[in-house]
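The values are calculated or read from the model by the stated rules, or taken from the named source; none is laboratory data. Since we're looking at a predicted model, the values are computed, not measured. Cβ atoms come from the backbone with ideal geometry, glycine included; neighbour counts cover every protein chain shown. Ligands, DNA and RNA are excluded from the accessible area calculation, which covers all protein heavy atoms including side chains. Shrake-Rupley method; radii C 1.70, N 1.55, O 1.52, S 1.80 Å.
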Amino acid sequence: MDNDTQASITSESNSQSKASLIKGSAWMTAGSIFSRILGAIYVIPWNNWFGSLLTAKLANSLFGKGYNIYSLFLIISTAGIPGAISKQIAHYNAINEYATGNKLFKQGLKIMAITGVITAAVMYFGAPVLAVILSGGDQNVVPVLRALSWALLIIPIMSIVRGYFQGYEQMAPSAISQFIEQVARVIYILAATYFIMKVQKGSYINAVAQSTFAAFIGAIFGLGILIIYFIKQLPRLRKLSQGSNNEIDTSGQNFFVEIWSQALPFIILDSGIILFQIFDQQTFNFMMNTVQHLSTDTLNALYALFSFNTNKIIMIIVSLSTALAVTAIPLLSAAYSRHDAKDVNEQIGSTLQLFFLVMIPSALGMYAVSKPLYILFYRYDQLGIYILQFNSIIAILLALFTVLSAILQGLYQNGLAIKYFLVGFGVKIIAQYPCIYFFHTFGPLLATGIGMLVTSILMFRLLQTKFGFDINQTIRRTFGILLLSVFMLVVVILIDWIGYHFISPDNRILSVALLVVEVIVGALIYSYLILKVRIAEKIVGPKIATLRRKLHIK
């Protein structure tokens, strides 16, 4: 094969990889965003039904504490296996060993069923102990943990089926099932909470417990959608399996060891943000109490501001990075398996640039609209608004960690990725008390930001030194994206400042109207600018150039 032909094939392969990344990211982003938005919007009526602002904050605090522990158990129960399955199936598919990938998947299903039952049992029966160890002794968390434990029976199996589809670079089943899961969950949350708080005039603790049980209801619907997709895809999957090379001898192969060797790093890295949050909920009340002597209810209300209230909103944009990460792992793994260094570097650059193209304006845009946005969800609270603004910036670092750790996992750099995360977590632990001492409620977020920044810097250095990743193009384009985003930020903040000279922050309806105006103006400005300077088409591809011409933007 001559050099020109080889170059042509390589170029075509790289173009297909980029197209797969963008298409997959579009599906996963859509699924994540719609799910996150739906998962945030329900908070508006949900909070109102609790009556007073203090009761709503206590309910939010309880919900956040329970869900943080549940999220850690969920990651342990799935043991990182969905990500590992996605990665390994992409590897086997790249070398035409579909049958081997299917055997791996079947073994993974068995493991998921077992770990799901074990972790559900530990969480249900160990709830009182977990409340002491991981939630500062708050026994109100016990019924919440028991309600959440039922979901652990279903979600591990559902997650591995999603990983299987993602290994085939099919993101639509995962995205759609994720959305349906969220719809069913939200319907149950609202129905149960309304009945308990408005009809029965019951306890907010019972309402929160039933709201968390909704995770089990949603999981049943999400799994049902995936089963339907799997049945439809079965003839095609069988055909691919029959056409395998079958050059790998699987008779003596221990898939259990292979799965766990790939899965364990996912446990640590996937639980990264959750571990930071659990450290916050275990230490915040105690550390804050040494700085300011406040009642338990006041401390819980302050904790709710950054751990639930603002976190619920910023996770909408952090989910963008999760979508990119899920898409990047199998693509990078496939390129790495082909020993295609050029494709690996292009995948890294495309993933990071696409991430910054979306994440920076999203975070700065959320900063700009934080006042009407917070009022929409939780009613007016100036401290809550300031925390949302600060958390919007920290969200960039959380999301960057998610993407970088996924890239390193896709490149089989699990050990170093874990090492760098642990370094960042150590920095977070050291910085926690000084940050709380000087910055009070903002302290845990600042400590998280410092820890994540250290981890991200170390991960960037590894990509440069080990894989020869040329970061210069990514820096230039990111700086351009930042300038355009700051311009959008200034315009929207100006609109916000003018708007609140004419309306009261207590007027929720007019605040929502102002929010709509700000979002539309901000989106139009940023969209026009990235098309005008042609940075979008450099990152996404020629389809954006077609859109630019249709819009008559020169």
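Residue count for segment 427-460 under the criterion of being touching a residue at least 60 places away in the same chain (Cβ under 8 Å) and among the aromatic types (F, W, Y): the result is 3. Flag: I22 does not match the condition of being assigned to a helix (DSSP H, G or I), modelled with pLDDT of 65 or more and of a type outside the set (S, T, Y).
Does at least one position in segment 248-258 carry a residue that is over 24 Å from A172 (Cα atoms), in contact with a Leu (Cβ under 6 Å, 6 or more places away or on another chain) and either at pLDDT 75 or above or open to solvent by less than 90 Å² (accessible area, probe 1.4 Å) (or both)? Yes, the conditions are met somewhere in segment 248-258. Being in contact (Cβ under 8 Å) with a residue 40 or more places away in the chain, within 14 Å of S177 (Cβ to Cβ) and over 21 Å from the mean Cα position of the chain (by Cα) is a description that applies to Y229.
In segment 509-524, the residues that are farther than 19 Å from V486 by Cα form no Cβ pair under 7 Å with any partner that is open to solvent by 40 Å² or more (accessible area, probe 1.4 Å), whether six or more places apart or across chains. Test P542 against the stated conditions and say whether it is more than 28 Å from the chain's Cα centre (by Cα), open to solvent by 30 Å² or more (accessible area, probe 1.4 Å) and in contact (Cβ under 8 Å) with a residue 40 or more places away in the chain. Spelling it out, it is not the case that P542 is more than 28 Å from the chain's Cα centre (by Cα), open to solvent by 30 Å² or more (accessible area, probe 1.4 Å) and in contact (Cβ under 8 Å) with a residue 40 or more places away in the chain. Among all residues of segment 386-404, there is at least one that is at pLDDT 90 or above, open to solvent by less than 10 Å² (accessible area, probe 1.4 Å) and in contact with a Lys or Arg (Cβ under 9 Å, 6 or more places away or on another chain). Scanning segment 191-222 for residues that are aliphatic (A, V, I, L, M) and either in contact with a strand residue (DSSP E or B) (Cβ under 9 Å, 6 or more places away or on another chain) or more than 24 Å from Q139 (Cα to Cα) (or both) yields A191, V199, I217, A219, I220. Of all residues in segment 85-144, those being open to solvent by less than 50 Å² (accessible area, probe 1.4 Å) and of a type in the set (A, V, I, L, M) number 19.
For F479, state whether it is out of contact with any Leu (no Cβ under 7 Å at 6 or more places or on another chain) and closer than 30 Å to K419 by Cβ. So F479 passes the test.
Of all residues in segment 473-486, none satisfies being in a loop (DSSP other than H, G, I, E, B) and either in contact with a Cys (Cβ under 7 Å, 6 or more places away or on another chain) or more than 22 Å from L404 (Cα to Cα) (or both).
Condition test on S203, is it of a type in the set (S, T, N, Q), under 26 Å from S52 (Cβ atoms) and open to solvent by 40 Å² or more (accessible area, probe 1.4 Å)?
Considered against the rule, which asks whether it is of a type in the set (S, T, N, Q), under 26 Å from S52 (Cβ atoms) and open to solvent by 40 Å² or more (accessible area, probe 1.4 Å), S203 comes out as yes.
When residues in segment 272-293 are screened for being of a type in the set (F, W, Y) and within 17 Å of I75 (Cβ to Cβ), 2 of them pass.
For every residue, the table says whether it meets (1) of a type in the set (V, I, T); (2) open to solvent by less than 40 Å² (accessible area, probe 1.4 Å); (3) on the phi > 0 side of the Ramachandran plot.
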| position | (1), (2), (3) |
| --- | --- |
| F487 | no, no, no |
| V490 | yes, no, no |
| S511 | no, yes, no |
| L514 | no, yes, no |
| V533 | yes, no, no |
| A536 | no, yes, no |
| L551 | no, no, no |
| K554 | no, no, no |
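Scanning segment 328-363 for residues that are open to solvent by 10 Å² or more (accessible area, probe 1.4 Å), within 18 Å of the chain's Cα centre (by Cα) and of a type in the set (A, V, I, L, M) yields a count of 5. State all residues of segment 226-244 that are at pLDDT 85 or above and surrounded by fewer than 16 Cβ atoms within 10 Å (Cβ to Cβ); if no residue qualifies, say none. Selection gives I227, I228, F230, I231, K232. Taking the stated definitions as given, is A209 surrounded by fewer than 24 Cβ atoms within 10 Å (Cβ to Cβ), assigned to a helix (DSSP H, G or I) and over 23 Å from the mean Cα position of the chain (by Cα)? Criteria not met by A209. Sub-6 Å Cβ pairs linking a first residue in segment 108-133 that is over 21 Å from G66 (Cβ atoms) to a second residue that is in a helix (DSSP H, G or I) and of a type outside the set (A, V, I, L, M, F, W, C), at least 6 apart or interchain, are M112/P156, ordered by first then second residue.
One residue stands out among those in segment 405-424 that are aromatic (F, W, Y) and open to solvent by less than 40 Å² (accessible area, probe 1.4 Å): the one that is farthest from F286 (Cα to Cα), which is Y420.
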